[in-house]
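S.K.: Just passing along the structure, written as structure tokens.
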Amino acid sequence: MDGGGQYNPRTVEEVFRDFKGRRAGMIKALTTDVSEFYNQCDPEKENLCLYGFPSEQWEVNLPAEEVPPELPEPALGINFARDGMQEQDWIALVAVHSDAWLLAVAFYFGARFGFDKADRKRLFNMINELPTVFEIATGNVKKQQREKSLVLNHSSNKSKSNPKTLGSESQGKYSKPQPKDEEEGLDDEEDDEHGETLCGACGENYASDEFWICCDICEKWFHGKCVKITPAKAEHIKQYKCPTCSNKRARP
């Protein structure tokens, strides 16, 4: 069972695009959609798998009936362990298996369409530039300490009644104005730091033309579009909680 069954990427770039789409869907299931994902993984049901699709969507479903399947299958029976573990430990376990499946699918395409050593190396290097599903789902992304220092730096540049934000749309309100000729070097350094900040939902890097918001609970940064928060909406939020933190408090 796989939503990409009729789509066969044949070049390194196409396989990488397929990988990124499937990865984005699985990250969504384990972060912003985690409450829905949790509920769908009912231990009373049969063996269930988490699938990611090139369209950046995800699905919990039974494995493919055909043997061997058209594509490698993800971990089987993820629902059975749900109630026997701490939720975060279970999410981390599913994330690790998701990473393994994503690599399996990518290199299945590579083998099927005859990628040579150089192509396989290039594909791996492209994939390796992205944080893993596990790193995103658990918050264990490299340079996390640097991200926290970013949070502290920006907290001094905002009103205490507003959530922390980044992006061109929010700079006028939340950033201290600086003379361009005196602070140009500092601005370049700040841009470099922001460029290494990763979205807690999709894992992509910060870009100065995008609106970002920081969770006041876990202190992770998110694209506004990933958590459905606009600059106008952020104006009225006193303390922002990301979907994961909101679900933790809501669930007994």
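S.K.: As a test question: what accessible area, to the nearest 10 Å², does residue 58 have when a 1.4 Å probe is rolled over all protein chains in place?
M.R.: 30 Å²
S.K.: List the GluC sites (Glu not before Pro) within segment 37-109 that DSSP assigns to loop and that have no more than 13 neighbouring Cβ atoms inside 10 Å.
M.R.: The qualifying sites are 44, 46, 65, 66.
S.K.: Describe numerically, in nm with one decimal, the distance between label points set 7 Å from Cα along Cα→Cβ at residue 217 and at residue 232.
M.R.: 2.7 nm
S.K.: Nearest 0.05, what FRET efficiency do residue 10 and residue 64 give at R0 = 22 Å with Cβ-Cβ as r?
M.R.: Approximately 0.50, to the nearest 0.05.
The values are calculated or read from the model by the stated rules, or taken from the named source; none is laboratory data. This is a predicted model, so every value here is computed, not measured. Note: ideal-geometry Cβ built from the backbone for every residue, glycine included; neighbour counts use all protein chains shown. Just so you know, the surface numbers come from the protein's heavy atoms only, side chains and all, with ligands and any DNA or RNA stripped out. Shrake-Rupley method; radii C 1.70, N 1.55, O 1.52, S 1.80 Å.
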